[in-house]
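These notes concern the structure reproduced below.
The values are calculated or read from the model by the stated rules, or taken from the named source; none is laboratory data. Being a predicted model, the structure only gives us computed values, none of them experimental. Counting neighbours? That spans all protein chains shown, and the Cβs are built from the backbone with ideal geometry, glycine included. Heads up: the accessible areas ignore ligands, DNA and RNA and are worked out on the full protein's heavy atoms, side chains in. Shrake-Rupley method; radii C 1.70, N 1.55, O 1.52, S 1.80 Å.
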Amino acid sequence: MNRFFALVGGALLCASCIAGETANKLAEKTDPRIDTIMALQLDAAYGEYLASECATCHNETSTDQGIPTIHGQDQKYLINALLEYQDNKRTNETMISIANALNEEEIGSLALYLSGQ
Amino acid sequence: MSTLTRRQFTKVLGLGAAALSVPIHVIGQAKPKVVVVGGGAGGATAARYVAMNSKGAVDVTLIENSKTYTTCFFSNLYLGGVRDFDSITHSYDTLASEYGINVVHGYAAEVDRSAKTVTLNDGSSINYDRLVLSPGIDLIFDSVPGYSEEAATIAPHAWQAGPQTQLLKEKLDALSNGDSVVMVAPPNPYRCPPGPYERVSMMAHLFKEKGMTDSTITIIDPKPKFSKQGLFTAGWEKHYPGMVEWISPDIHGGIVGVDVNAGTVETDFDTFEGTLLNVIPAQRAGAIAHQAELVDNSGFCQINSDSMRSMVDENIFVIGDASIAGAMPKSGFSANSQAKVAAMHILGDVNDGKTFPAKYSNTCWSMIGTDDGVKVGAQYASVDGKIASTSTFVSQGDEDDAMRKATFEESLGWYDGMTKDMFG
Ligand SMILES: Cc1cc2nc3c(=O)[nH]c(=O)nc-3n(C[C@H](O)[C@H](O)[C@H](O)COP(=O)(O)OP(=O)(O)OC[C@H]3O[C@@H](n4cnc5c(N)ncnc54)[C@H](O)[C@@H]3O)c2cc1C
């Protein structure tokens, strides 16, 4: 199953996170940090190393059991999601802790690598 | 990139740059050899990542005593009747067929660190350029007077998964309403801090499902407190009222010994009697780590927190339960995470691989009831020579049922991901 469905101005969000929100509201909220991160010098090899940590839960051939697929997702979508965990806009404590341990360069490198999978 | 790798390597080992100016595979002319002892959470992951990321440039041998691997993780769910045994048992076939790993089933009896060889019980020996030890734990049976390997056939520990787990399940299934279980919990440090308490929850779940609500489970603990204590205690009250009792050292005064034939646990203040005893003794690193003289006084192995390299021998990496990994608990998740750091440094050493600052991660889920999952976890980094946590989380006491169910479902996804990450 692919959770890749709500695309608005580069912001893609999962169903559980956008309940009750309209597409317009989302467009207004597009995070300017996404472009800042996209403009950094990003390293896919670093992303690959960092992504090995994610693979313990998010495997590439995920059966989507309690944990969504992140390999092959859109780069900006991934950056946005990780920023939302950092901002506590999403509530999963595990992902908040994981995102909090990442800096902007790491988020960007991860998204670069994962989106290419 | 190779300059960086060699510079870091030199720094760690304190060797002169000259000795390292040529990659190992050029010196030896043949492919560099990486040997992994122990095909569990740490070892299987390390072997897979070295093989996968070197794309055939490194010769990887995995030495594992058993033909299949039964995970300790989710073994409590098997005891509770929530999973079957096959679903927690995994084969090494894909590691051999898809990743080209030379899987050798045998017991590694000896490491010769100067000759850089591992000798198996059958007398054969294998050379290595880099060695990974992930042997898990050995049980110190006599840490509980009266307990022994033989006594474990009557009062199983089931702290190494496989036949012991099946034996405990058989004995649990044979109990009737009103029968009791007494668990002797282990002292720190031991594998899976919440494990004994998840096990008690799953035993109680089994009894409740079978209508055996007059049965009780008593935990005699050598520790004054335990992992996720508040969550477990509240969960037992909610799901299994009156069935679970935890007895701390200030109540029992100290564990004097067990008599497995009589089914008794003697403490300073009282003797506890159970139809079934589950005795989990103290633990230390697996025997091979002791034979190789990599352990310190604690019975476990000191490692460099940047790389998981042994502090005693630069050609050896010790990962998983056998290592002293600072703030990380001994868990399958931790072992898997440490394996990736070790694999990266091994490829840095022998294959000019790029290395990055180590990051480690752990989450331990526990099932209190079906659809009632709780978790504790953290991210870690190497700080001042120690693995220290950089961000942590734990389930809250006031979470609603939907949240607890989501946590339980997450753990199913993790089990799936984790075992694929180990075995391909
Ligand atoms: C009841 C229970 C529940 C648990 N639940 C969880 C959980 O939910 N989540 C979690 O993350 N962790 C959990 N754990 C902990 C987890 O199982 C261990 O921390 C993990 O297995 C450690 O990995 P390891 O590689 O160090 O050792 P192991 O996984 O034990 O692997 C060691 C392997 O090495 C082999 N071996 C040892 N010595 C030799 C030798 N000399 N020659 C050849 N082979 C050898 C053994 O046969 C074994 O297969 C649980 C543990 C228990 C007991």
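With the requirement that a residue be outside any helix (DSSP H, G or I) and either within 15 Å of the ligand (Cβ to nearest atom) or hydroxyl-bearing (S, T, Y) (or both), what does region B:168-186 give you? Show your work before the answer.
Step one: filter region B:168-186 for residues outside any helix (DSSP H, G or I), giving B:174-186.
Scanning region B:168-186 gives B:S176, B:S180, B:V181, B:M183, B:V184, B:A185, B:P186.
Confirm whether A:G72 is out of contact with any Cys (no Cβ under 7 Å at 6 or more places or on another chain) and at positive phi.
On the way: out of contact with any Cys (no Cβ under 7 Å at 6 or more places or on another chain): yes; at positive phi: yes.
For A:G72, the condition - out of contact with any Cys (no Cβ under 7 Å at 6 or more places or on another chain) and at positive phi - is met.
Report yes if B:A388 is open to solvent by less than 60 Å² (accessible area, probe 1.4 Å), within 9 Å of another protein chain (Cβ to nearest Cβ) and not hydroxyl-bearing (S, T, Y), otherwise no.
Numbers: open to solvent by less than 60 Å² (accessible area, probe 1.4 Å): yes; within 9 Å of another protein chain (Cβ to nearest Cβ): no; not hydroxyl-bearing (S, T, Y): yes.
No.
Scanning region B:80-130 for residues that are under 23 Å from B:M52 (Cα atoms) and either assigned to a loop (DSSP other than H, G, I, E, B) or modelled with pLDDT under 95 (or both), which turns out most open to solvent (accessible area, probe 1.4 Å)?
B:E98
Suppose we filter region B:372-383 for residues that are under 30 Å from B:K208 (Cα atoms) and open to solvent by 20 Å² or more (accessible area, probe 1.4 Å); how many remain?
Pass one, region B:372-383, residues under 30 Å from B:K208 (Cα atoms): B:372-377.
Filter once more, so that each one left must be open to solvent by 20 Å² or more (accessible area, probe 1.4 Å): B:376.
Within region B:372-383, residues that are under 30 Å from B:K208 (Cα atoms) and open to solvent by 20 Å² or more (accessible area, probe 1.4 Å) number 1.
Tell me, which residue of region A:67-100 that is buried (at least 21 other Cβ atoms within 10 Å of the Cβ) and part of a loop (DSSP other than H, G, I, E, B) is farthest from the other protein chains (Cβ to nearest Cβ)?
So, considering only residues that are buried (at least 21 other Cβ atoms within 10 Å of the Cβ) and part of a loop (DSSP other than H, G, I, E, B), the one farthest from the other protein chains (Cβ to nearest Cβ) is A:I70.
Hey, B:V376 hits all of (1) closer than 20 Å to A:E93 by Cβ; (2) aliphatic (A, V, I, L, M); (3) away from chain A (no Cβ under 11 Å) but one; which does it fall short on?
Failing condition for B:V376: (3).
Condition first: under 25 Å from the mean Cα position of the chain (by Cα) and closer than 30 Å to B:K405 by Cα. Can you find one or more residues in region B:237-245 that meet it? Working first, answer last.
Residues of region B:237-245 under 25 Å from the mean Cα position of the chain (by Cα): none.
No, region B:237-245 contains no residue that is under 25 Å from the mean Cα position of the chain (by Cα) and closer than 30 Å to B:K405 by Cα.
Look through region B:351-371, keep the residues that are in a strand (DSSP E or B) and open to solvent by 10 Å² or more (accessible area, probe 1.4 Å), and return whichever of them is farthest from the ligand (Cβ to nearest atom).
Among them, the one singled out is B:K359.
Assess whether B:L77 counts as being near the ligand (Cβ under 10 Å from one of its atoms), over 30 Å from B:H345 (Cβ atoms) and under 21 Å from the mean Cα position of the chain (by Cα).
On the way: near the ligand (Cβ under 10 Å from one of its atoms): yes; over 30 Å from B:H345 (Cβ atoms): yes; under 21 Å from the mean Cα position of the chain (by Cα): yes.
Yes; evaluated as a whole, the condition is true for this residue.
Which of the strands (runs of 3 or more DSSP E) contained wholly in region B:236-342 include at least 1 residues that are outside the structural domain of B:L131 (by TED's automatic domain parsing), more than 16 Å from the ligand (Cβ to nearest atom) and free of Cβ contacts under 8 Å to residues at least 60 places away in the same chain?
Working: elements: B:244-247, B:255-259, B:264-267, B:271-273, B:276-279, B:282-285, B:316-318.
In region B:236-342, B:244-247, B:264-267, B:271-273 are the strands (runs of 3 or more DSSP E) which contain 1 or more residues that are outside the structural domain of B:L131 (by TED's automatic domain parsing), more than 16 Å from the ligand (Cβ to nearest atom) and free of Cβ contacts under 8 Å to residues at least 60 places away in the same chain.
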